[in-house]
1. Mind checking the full-extension length gain between Arg98 and Arg67? Use 0.36 nm per residue of separation minus the Cα-Cα distance, one decimal, nm.
2. Taking θ = phi - 60°, what integer Hz values does the Karplus form 6.51 cos²θ - 1.76 cosθ + 1.60 yield along region 28-34, in sequence order, with x for Gly and Pro?
3. Residues with amide H under 5 Å of Leu170's amide H, sequence separation 5 or more or different chain, H placed in the peptide plane at 1.01 Å from N; which?
4. Enumerate the amide H contacts of Val40 below 5 Å, restricted to partners 5 or more residues apart or on another chain; note that Pro and chain-start residues carry no placed amide H.
5. Farthest toward the dipole's positive end in the chain, which of Thr30, Val141, Ala73, given Cβ charges of +1 (Lys, Arg) and -1 (Asp, Glu) about the Cα centre?
6. Hey, can you grab everything whose amide H is under 5 Å from the amide H of Gly135? Only 5+ residues off in sequence or another chain; H modelled, so Pro and N-termini drop out.
7. Can you compute the radius of gyration and Dmax for the chain, using only the Cα atoms, both in Å?
8. Please report Rg (one decimal) and Dmax (integer) in Å for the Cα set of region 46-139.
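Since every read-out is calculated from the coordinates, none of them should be taken as a lab result. Predicted, not measured: the structure shown is a model, and the values here were computed from it. Ideal geometry is used to build each Cβ from the backbone, glycine not excepted, and the neighbour counts take in all protein chains shown.
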Amino acid sequence: MWYRALQIFLPLIMPIFRFRVVGKEDVPTTGGVILAANHVSYLDPLFIGVALVEHQLHFMAKKELFRFPFFGALLRRLYTVPVRRGQMDYTAIRQSLRLLKEGEIVAVFPEGTRGDGMALQEAGEGIGFLAAWSGCPIVPVYVQGSGKVLPRDKRIPRVHPVTVYFGHPLRLGNETPHKESRRDHRRLTEEVMKGIAELKARSHSPGA
């Protein structure tokens, strides 16, 4: 109910932010899909969710957010997967693998925490592990402008243009899930971050 309510309400206010979506046609419409996005604002999931409003997304969010009773309950109703930061959270990965196997879309912030919007941060190996074991395509995502709407040191959103860019799917494995080494997981993660970086560069080019 809560997710559906947001699907109806949020698109109504997007014109305030001159909201745009670029490359949405590249997101696979069938089968499990992993979205890998940059992260600079708590509002990033909302903008990504509106960009793919016809789909139900499952976001991975830091476990600390679930400590607050009301907010934690709300996150669960919004199909959010809690994940422990700073380590390989196999419980969260198993839950995400199950969702992907069921053909769902799982959205991940590989950087693990909000950045400053200037440079992408180093990513953990979780996204590479998830891709290797699921065999699902990864779609790089770059959200531009959300850090201006709600910067890290602010509590009240401001009006600023926001654009969500989707890249071409990275098919990092064959159709059969494969179990690679930790070095391979790191390589897959680096390819994902390269895809996000390319979208960031594209967003700053004339006419983007």
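1. Values: separation 31, 0.36 × 31 = 11.16 nm, distance 2.41 nm.
Net length gain for the segment: 8.7 nm.
2. Result, rounded to whole Hz: x, 9, 9, x, x, 9, 9.
3. Distant-sequence amide H within range of Leu170: Ile138, Val139.
4. The list, which skips near neighbours in sequence, is Gly115.
5. Checking the options against the dipole of the chain, the answer is Ala73.
6. His178
7. Just the Cα atoms of the chain yield Rg and Dmax of 16.1, 46 Å.
8. Looking at region 46-139, its Cα Rg and Dmax stand at 13.3, 36 Å.
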